[in-house]
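Engineer: Got a structure here, written out as structure tokens. Questions coming.
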Amino acid sequence: MSVLVELCQGTACFVMGSEELYDIKNFMPEPWREHVDVTSCVCRGRCKKGRFNRTPFARVNGEIVESVTAASLLMLVAEIMGDKDFTVPDELQ
């Protein structure tokens, strides 16, 4: 299973912390890391569609995720990877 995490780098998402989300791979179990790609994407305009208060946005395997945090991204990746025992590290909660 592979996971593609695309983090919006538009101004609103960047200001709301999308840049900090690149570090999520450091908090993933080692076996996941070769299956997860974390990259940036250009603004998709979600904030211009009345969703400004839901930044930052990410796209995970093609699905838009609103108000994303490192913890929520990790839990989503865990679900995709089928890891029901994963818990978010304390420093991200």
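Engineer: Between THR87 and GLN9, how high is the FRET efficiency from 1/(1 + (r/R0)^6) when r is the Cβ-Cβ distance and R₀ = 25 Å? Nearest 0.05.
Structural biologist: After rounding, the FRET efficiency stands at 0.30.
Engineer: For the modelled label position 7 Å from the Cα of VAL42 along Cα-to-Cβ, which residues of region 1-15 have backbone nitrogen atoms closer than 17 Å?
Structural biologist: 6-14
Engineer: In addition: Using +1 on the beta carbon of Lys and Arg, -1 on that of Asp and Glu, and nothing else charged, what's the dipole of the chain about the Cα centre, debye to 20?
Structural biologist: Approximately 700 debye in magnitude.
Engineer: Got a number for the accessible area of THR87? Probe 1.4 Å, square angstrom, nearest 10.
Structural biologist: Spelled out: THR87, probe radius 1.4 Å, area about 100 Å².
Engineer: Let me ask another. So how do GLU66, GLU19, GLU34 rank on accessible area, 1.4 Å probe, biggest first, that is with the largest at the start?
Structural biologist: Highest to lowest solvent-accessible surface, that is GLU34, GLU19, GLU66.
Engineer: Could you list, bin by bin from short to long, the percent of Cα-Cα pairs of the chain in 5 Å steps?
Structural biologist: Percent of pairs per bin, in order: 3, 15, 28, 24, 17, 9, 4, 0.
Engineer: Skip the ligands, DNA and RNA, and give the accessible area per residue of the chain with a 1.4 Å probe, whole Å².
Structural biologist: That works out to 61 Å² per residue.
Engineer: Turning to a different aspect of this structure: State the extension gain, in nm to one decimal, for the chain segment bounded by ARG33 and SER2, taking 0.36 nm per residue of separation less the distance between their alpha-carbons.
Structural biologist: Residue separation times 0.36 nm, minus the Cα-Cα distance, leaves 10.2 nm.
The values are calculated or read from the model by the stated rules, or taken from the named source; none is laboratory data. Being a predicted model, the structure only gives us computed values, none of them experimental. Note that we place each Cβ from the backbone using ideal geometry, even for glycine, and neighbour counts take in every protein chain shown. Areas reflect the complete protein model, heavy atoms only, side chains present, ligands, DNA and RNA absent. Shrake-Rupley method; radii C 1.70, N 1.55, O 1.52, S 1.80 Å.
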